[in-house]
1. Any idea how far apart Thr178 and Asn623 come out in nm if each label point goes 7 Å out from Cα toward Cβ?
2. Hull surface divided by four, with the convex hull built on the Cα atoms of the range 281-335: how many nm²?
3. Name the long-range amide H neighbours of Leu291: under 5 Å, sequence gap of 5 or more, or other chain; modelled H, no Pro or chain starts.
4. Which of the trypsin sites (Lys or Arg not before Pro) across the range 143-183 are loop residues per DSSP, with 11 or fewer other Cβ within 10 Å?
5. Test of understanding: what is the full-extension gain from Leu384 to Glu100, defined as 0.36 nm times their sequence separation minus their Cα-Cα distance?
6. For the pair Ser132/Gln168, report the inter-label distance in nm, with labels modelled 7 Å from Cα in the Cβ direction.
7. Between Thr528 and Asp209, what FRET efficiency follows from the Cβ-Cβ distance if R0 is 51 Å, with the result rounded to 0.05?
8. Tell me which residues come under 5 Å, amide H to amide H, from Gln349 once H is placed; ignore anything under 5 positions away on its chain.
Amino acid sequence: MEAAADDSAAKGTDVAAKGEAAIKPEFLTTKDKFHTFIDAKYEVCQPDDTNENNDTNNETKESSVEEPQVKKLKWDPEDKKRLRGQNKSRPHRKPTMYEEKPLCVSVIQGNRKCFYGDKCKFHHVVADYMASKPPDIGDSCHLFDTFGKCQYGLSCRFGKTHTTADFQTLEKADVMKTYENRTPVKNSLTKDLQNSLRKRQVSFKKSEDYLKTFSNYKDKTEPKSKVEACAAPLPADPPSENHSSIESTQLQEQISPEKPPAIKTAGPLTDVDVVRLRSCEKKQVDFRDKLYLAPLTTCGNLPFRRVCKRFGADITCGEMAMCTNLLQGQQSEWALLKRHESEDIFGVQVEGCFPDTMTRCAELINNHAQVDFVDINSGCPIDLVYKKGGGCGLMARTRKFEQIVKGMNYVLDVPLTVKIRTGVHEKSNIAHKLIPELKNWGVSMITLHGRSREQRYTKLADWDYINTCAELASPVPLFGNGDILSYEDAVKAKDTGVSGIMIARGALIKPWIFTEIKESRHWDISSTERLDMLKDFTNFGLEHWGSDTRGVEKTRNFLLEWLSFMCRYIPVGLLERVPQKINERPPYYMGRNYLESLMASQNVGDWVRISEMLLGPVPKNFNFLPKHKANSYK
């Protein structure tokens, strides 16, 4: 280790000049020595009597993806394809595939009659299931200790703590009373609402009133009866060539929205004034001087948001949800709207590209979810969203954007916010042109990410441009977003004149950044404290996804996704220059103890080892590849 440190020290500032963080020379090492130390120490820590688990770990180590190569400092012009920050076509194994034959839900829920009868492929004999069930992970069940009852019963991977010898599930009556009238998680999709959405029986009265102001609008939600269909007039003959000019004029009139129809009045107030909430009557949210945890796809789940709330996040927002999937009643999409009771200021972010679907989705959320605000995602850069006109595509489709904003504002009783980028192309900023329009359309708050879609994360955020846009947005609050990894970065951001800051990758790398900003200090957090934080996340994950095999492996999967970001953190005590910058690549270094070194590894196999400390050994044939790859380094 000392020889490696001497070699690295001889390089001096050349290492930092290449985009690597400056670490004290005594901690630096090489790649081979680093992994040799990690592997040797891990094998010593493993017990001798778990040969089966060791075999599983060896299989995992062989099948896991190797550590990524050091990124190129500059893009090679000969490369035909530019690298992106996603692992496409990555292997995916569903958590349900790790258990060959699970216990039937009818048995878990009190031996009720199975809906599938003899055709059911799951276990109905408890003794047979318990014989084939994987071994328990720990000696205590978090759900049983917290809520007094584990709803997963015999299928729980911690089941021996609340299961008798005759396979009966225990309960704690005194603990259950404390949660008798409480609903810790809100905004769940009920079966009745799901069936109504699938049968298109949900009423969108306000949305229909707004959409009728467009001349080309046709109500497609209410199917015609057979009598109405027979009585409907036959379609007119197609126009001839002589009427081409008239047809084009009519088509142009259909494209542009008509003026709202005349409203019948009753005295000085109109009927619309009586029914519709004015902007001053809507629920107000004080966004100013708040720390906003960004809506993070995949990693911004409910357990992660609970961790960030403990460290001081003021505003939280659910992951981006597709409006069409919400309208279709998809359970997986509605799960993104769930809100924990600890989230005092909570919003949901929706994505869409058409006024009709976005307006109906806003009315659906307004009537069936408890939120403090609704956010429009007009900054998503991924191709799947952009190519159909959503995300960043909305910034270039101002007419559709206006219709969406005004329609959602019409049906919502809570504030409407918008998240945008500087623009679509790198050298063509358009946010400063769009912000005055957003003010006129009635947006309550704007969040600006200081990069364009084309830049992604390859360049630093433009905070000078964010400052210019903040002045244009006044008095509407504007939040800035980009490259905040320390309280010093937050202070510089606030000096630009923004109303608040949004933190995204910085919260994934170090969730305690909210505490650092509020206390104006650099927290040299220990590896034990970080492991306790991960333990809290796994407990929250077991509450959210379940404590059976499926829930445990789903929790593990999201934990590994988070660890793919957190491994970029460099402890403050090891840095030669404080603070760490978000675009600086961590070199190979030895931590102050084994756990700190293990958490610094960028090898997938080492992330799996950390998960095994918390969730037990991985199943056979387990593999994992992170969704994101870092392309933000210089």
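The values are calculated or read from the model by the stated rules, or taken from the named source; none is laboratory data. What you see is a predicted model, and the numbers here were worked out from it, not measured in a lab. Counting neighbours? That spans all protein chains shown, and the Cβs are built from the backbone with ideal geometry, glycine included. Heads up: the accessible areas ignore ligands, DNA and RNA and are worked out on the full protein's heavy atoms, side chains in. Shrake-Rupley method; radii C 1.70, N 1.55, O 1.52, S 1.80 Å.
1. 4.5 nm
2. 5.2 nm²
3. Asp314, Ile315
4. Hits after loop and neighbour filter: Arg182.
5. So the chain would gain 98.8 nm between Leu384 and Glu100.
6. With each label placed 7 Å out from Cα toward Cβ, I get 2.7 nm.
7. According to the calculation, E is roughly 0.30.
8. Counting only residues 5 or more places away or on other chains, the set is Gly318, Ala321, Asp375.
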